[in-house]
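Student: Structure incoming, see below.
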Amino acid sequence: MSIKALSYPSPSPPSTILTQNDLKKLAAYKAVEYVSSGMVLGLGTGSTATFVVSRIGELLKLGELKDIVGVPTSKRTQEQAASLDIPLSVLDDNPSIDLAIDGADEVDPYLNLVKGRGGALLREKMVEAASAKFVVVVDDTKLEMLKEQGVEAKLRVEGDGKPYVTDNLNYIVDLYFKTPILDAGAAGKEISALKGVVEHGLFLDMATAVIIAGKDGVSVKRK
């Protein structure tokens, strides 16, 4: 089901060109409308999630939200939330989360997600799997199917050539597909079966809603 609705702040007039950051902010503000006082929130990681965390901090400061507890999905998000005086906890102490809000690298028509470009996918999946609702925020450039089966695997490295290491001290192998993945569920199972794999970046049947910001406003897609 798809619902179109304008979010706060309203999109700029047609004569104004919205940047990708403007679109991310629109989607983030719409997502925060799902937040109520007293919630335990999963706080996502990435450029769009940064706008979400900032907005939550702003509403707490204004007194429009109260008694919020955030469970961050990365050190970066933890540091940002702490700087905004958002009370924080960990998944061990809050195994049942009311709502998680996060971005995604790609979204397919069934609301399956590709995540992991930011390297926080393990903790993100743990937090979001523990959440009663999971709202995803993206701009309209992320509405793609998993791109390009042939598949080339590359160890992710830093600029100095050393392997990229996640917050959980894992390595990341990026997979480059030459043809679209037609069965994401089967692909996820096959990747998980590989020895040494801790988790994969396919977030399947997890999203409650996806909020998409585009030049015509903000739309909300639900299953």
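The values are calculated or read from the model by the stated rules, or taken from the named source; none is laboratory data. Just so it is clear, the structure is predicted and the values come from calculations on it, not from any experiment. Here Cβ is always computed from backbone atoms with ideal geometry, including for glycine, and neighbour counts include all displayed protein chains. Just so you know, the surface numbers come from the protein's heavy atoms only, side chains and all, with ligands and any DNA or RNA stripped out. Shrake-Rupley method; radii C 1.70, N 1.55, O 1.52, S 1.80 Å.
Student: Give the distance, in whole Å, between the Cα centre of region 28-105 and the Cα centre of region 120-141.
Tutor: 12
Student: Once Rh for region 113-223 is found with the Kirkwood sum over Cα pairs, what is the Stokes-Einstein diffusion coefficient at 37 °C and 0.692 mPa s, in µm²/s? It would help to have the intermediate numbers written out before the result.
Tutor: Numbers: Rh = 15.6 Å.
The Stokes-Einstein estimate is 211 µm²/s.
Student: Just to verify a number: FRET efficiency for Tyr164 and Glu58, C-beta to C-beta distance, R0 = 35 Å, to 0.05?
Tutor: Efficiency, rounded to the nearest 0.05: 0.65.
Student: Please work out how much length the chain gains when fully extended from Asp183 to Val197, using 0.36 nm per residue of separation minus the C-alpha to C-alpha distance, in nm with one decimal.
Tutor: Numbers: separation 14, 0.36 × 14 = 5.04 nm, distance 1.94 nm.
That pair, Asp183 and Val197, stretches by 3.1 nm at full extension.
Student: Roughly to the nearest percent, how much of the accessible area of the chain is carbon and sulfur, given a 1.4 Å probe? Mind dumping the intermediate values first?
Tutor: Values: 6310 of 11990 Å².
About 53 percent, which is the carbon plus sulfur part of the accessible surface.
Student: For region 92-136, what is the Kirkwood hydrodynamic radius in Å, using each pair of distinct C-alpha atoms?
Tutor: 11.1
Student: Something else about it: Tell me the Rg and the Dmax, in Å, that the Cα atoms of the chain produce.
Tutor: Using the Cα atoms of the chain, the pair Rg, Dmax is 17.4, 53 Å.
Student: Taking the Cα centre of region 19-132 as origin, work out the dipole magnitude from +1 charges on Lys and Arg Cβ and -1 charges on Asp and Glu Cβ, in debye rounded to 20.
Tutor: Details: 12 positive and 16 negative charges, 53 e Å.
Roughly 260 debye, rounded to the nearest 20.
Student: Taking Cα pairs under 8 Å and at least six residues apart, what relative contact order does region 158-223 come out at, in percent? Provide the component values of the computation, followed by the final result.
Tutor: On the way: 36 pairs, mean separation 9.9, N = 66.
This gives 15 percent for region 158-223.
Student: Can you tell me what the convex hull of the Cα atoms of region 122-171 projects to on average, as an area in nm²? All intermediate terms of the calculation are to be shown ahead of the outcome.
Tutor: On the way: hull surface 23.2 nm².
Seen from a random direction, the Cα hull of region 122-171 projects 5.8 nm² on average.
Student: Let me spell out the model: positive unit charges on the Cβ of Lys and Arg, negative unit charges on the Cβ of Asp and Glu, origin at the Cα centre of region 87-156. What dipole size does that give, in debye rounded to 20? Mind showing how you got there, number by number?
Tutor: Values: 9 positive and 14 negative charges, 45 e Å.
With only Lys, Arg, Asp and Glu charged at Cβ, the dipole is about 220 debye.
Student: Taking a quarter of the surface of the Cα convex hull of region 151-203, what do you get in nm²? Can you show the working numbers first?
Tutor: Details: hull surface 17.8 nm².
Averaged projected hull area, Cα only: 4.5 nm².
Student: Only Lys, Arg, Asp and Glu count, each charged at its Cβ (+1, +1, -1, -1), so figure out the dipole size of region 150-193 about its Cα centre, rounded to 20 debye.
Tutor: Roughly 80 debye for region 150-193.
Student: Give me the Debye-computed log₁₀ of I(q)/I(0) at q = 0.12, 0.16 Å⁻¹ for region 59-170, equal point scatterers on Cα only, no solvent, two decimals.
Tutor: Values, matching the q order: -0.54, -0.92.
Student: Write down the accessible area per residue of the chain in Å², having rolled a 1.4 Å probe over the full set of protein chains.
Tutor: Values: 11990 Å² over 223 residues.
I get 54 Å² per residue for the chain.
Student: Once phi is turned into θ = phi - 60°, what whole-Hz ³J(HN,Hα) does the Karplus curve with 6.51, -1.76 and 1.60 give for every residue of region 151-156, x standing for Gly and Pro?
Tutor: Values, residue by residue: 9, 9, 10, 9, 5, 6 Hz.
Student: For the chain, what is the mean residue ellipticity at 222 nm derived from helices alone (per DSSP H run of n ≥ 4: -39500 (n - 2.57); sum divided by total residues; nearest 500 deg cm²/dmol)? Please list the in-between numbers first.
Tutor: Details: 5 runs with 56 residues, N = 223.
Helices in the chain give a 222 nm mean residue ellipticity of -7500 deg cm²/dmol.
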